[in-house]
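The next block holds one structure in the form of structure tokens; read it before the comments.
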Amino acid sequence: MSGQPSSYSIRTRLLLWLLLPLLAIGLLALFDSYRSARETADEISDRVLAGSALAIAERIFVNDDGLLEVDIPYVALEMLTSAEEDRVFYRIEGPQSQFVTGYRLLPVPDQFDREERDMQFADAWFRDEPIRVAVRSGAAASDTVSLAYQVVVAETTNARAKMARDILFRSALRQSVLILTAAFVVWIAVTRALRPLYRLQEAVGRRSPEDLRPIEHRVPSEVSGLVATINDLVKRFGSSISALRNFTANASHQLRTPLTVMRTQLEIANRANTPEARQEALAEADEAVSDTERVLSQLLVLARIDAAAQKDVARDSCDIAAISRQVCEELISGGLPADIDLGYDGPDHLRMRGDDVLVREMLRNVVDNAMRHGGRPIEITVRTRDAGAGVLLEIEDDGIGIDPANKQSVMGRFRRGSDAQAQGSGLGLAIANEIAELFGGRLELRAPSNGGGLIVHMKFSAK
């Protein structure tokens, strides 16, 4: 036994679908912010590093011995100090990479060009620490000689890393506030957007089981289709319940009389003093059973009609000629009285729109109505023919006919003609009329050209 499918929250799904992409975009933005922060930190620190290298380069000169000499200014190294206690290194080289002063083991990256006079920057490692290196190439001259030099200034990257982290932190803080604000706004918006559904739920929950009115609450357009479908379902439920109530009411009304007759005749048979009286009472009881069976059969047909009215049974197809011939053959083979002449006139096959079972019941009810209420002797002819754009079905008899004043009333449920000679439930023509209308046909009661009897005329759409 399968359980009820697990439910899920629309609010949670909307939050996930909205916030997860926003979170992904935020992470990408943070990555870009960190890259931009490092570039910004390098740009700011490189300017200071370049200023230090220029300050040192301005103090390089050729001494009296024709050698390079430098007077390192204190301010050149002081400007590189920071709160992060970065360490500063320098190296001065002469022609042919000749070491002049500074840190002899300070590495000079290979990508530096000694002929380039502009400031050059690169990253390197020194004493197991990352450093940023600035190189300034130039030449110092005296009256007799000109010597090339290269100034290399480096510092550790603690301050740069801290600046990048601070920028990243502030950016992450802004992104977090943005995402949390978006989550809060989305939560409020979704909650307000779902209020009509909550009101709809409360309104439906307050209804009693008998209240099958359509839902007319104002709802968002996204769920209007769902509400329309529910209304259609409720309408079909109402029709089914009405059909059940009609069947129950009809059954209780129509079966009460034959059941009473049956019980009465059985009691008479039980008290009869002679076999003839007992046999007569049992015959009456048997006739009551037959009447009950016929009425119950008609009530079931009515219930089927009510149920079929909710379905698109008009799409079905049946062979009206074959059905008519079979109905006549079944009634004849079942043993008709000698004063009833039943026959079929028409083609072997002729298709129309309709359900096979209901069309058969429609035809049997009309023929049965003619046999019960048309008088005796009687000749009944079932006739089918192709009418081009449609199919004609006629049941003609030469009986006593129907008073023109009663032609409309006899087609209502439980209505009998005032001139009927036999007792009945008043459902025969009503069933036939409702089945004909169910399949888009029309049932008309006409008088034959010779003036006697009745023609039940029906026209349907061809398949």
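Report, ordered by the first and then the second residue, all pairs with beta carbons closer than 6 Å, sequence separation of six or more or different chains, a first member in the stretch 107-133 that is within 17 Å of TYR149 (Cα to Cα), and a second member that is assigned to a loop (DSSP other than H, G, I, E, B).
So the pair list comes out as GLN120/PHE112.
Mind checking which residues of the stretch 245-303 are of a type in the set (S, T, N, Q), open to solvent by 70 Å² or more (accessible area, probe 1.4 Å) and modelled with pLDDT of 70 or more?
Hits for the stretch 245-303 are THR260, ASN270, ASN273, GLN279.
Any chance you could count how many residues in the stretch 350-397 are of a type in the set (Lys, Arg) and either surrounded by 24 or more Cβ atoms within 10 Å (Cβ to Cβ) or under 18 Å from PRO337 (Cα atoms) (or both)?
Count: 3.
Output the number of residues of the stretch 415-436 satisfying the condition of being at pLDDT below 80, under 45 Å from the mean Cα position of the chain (by Cα) and either open to solvent by 20 Å² or more (accessible area, probe 1.4 Å) or of a type in the set (Phe, Trp, Tyr) (or both).
Count: 0.
Report whether or not ALA164 is closer than 30 Å to ALA29 by Cα and touching a residue at least 12 places away in the same chain (Cβ under 8 Å).
yes
Here is a yes/no grid of residues against (1) part of a helix (DSSP H, G or I); (2) buried (at least 16 other Cβ atoms within 10 Å of the Cβ):
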| site | (1), (2) |
| --- | --- |
| LEU19 | yes, yes |
| ARG35 | yes, no |
| THR40 | yes, no |
| SER45 | yes, yes |
| SER52 | yes, yes |
| ILE56 | yes, yes |
| GLY66 | no, no |
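So which of GLY94, GLY102 is closer than 27 Å to ALA161 by Cα and surrounded by 13 or more Cβ atoms within 10 Å (Cβ to Cβ)?
The match here is GLY102.
Read through the list (1) exposed (fewer than 13 other Cβ atoms within 10 Å of the Cβ); (2) more than 19 Å from GLY51 (Cα to Cα); (3) within 60 Å of the chain's Cα centre (by Cα), then give the number of the only condition that PRO130 fails.
That leaves (1) as the condition not met.
Return a yes/no flag: does the stretch 383-400 have any residue that is over 30 Å from LYS463 (Cα atoms), out of contact with any Phe, Trp or Tyr (no Cβ under 9 Å at 6 or more places or on another chain) and not aliphatic (A, V, I, L, M).
yes
The values are calculated or read from the model by the stated rules, or taken from the named source; none is laboratory data. Every value quoted in this text rests on a predicted model; they were computed, and no experiment measured them. In this analysis, Cβ positions are derived from the backbone assuming ideal geometry, glycine residues included, and neighbour counts consider all displayed protein chains. Ligands, DNA and RNA are excluded from the accessible area calculation, which covers all protein heavy atoms including side chains. Shrake-Rupley method; radii C 1.70, N 1.55, O 1.52, S 1.80 Å.
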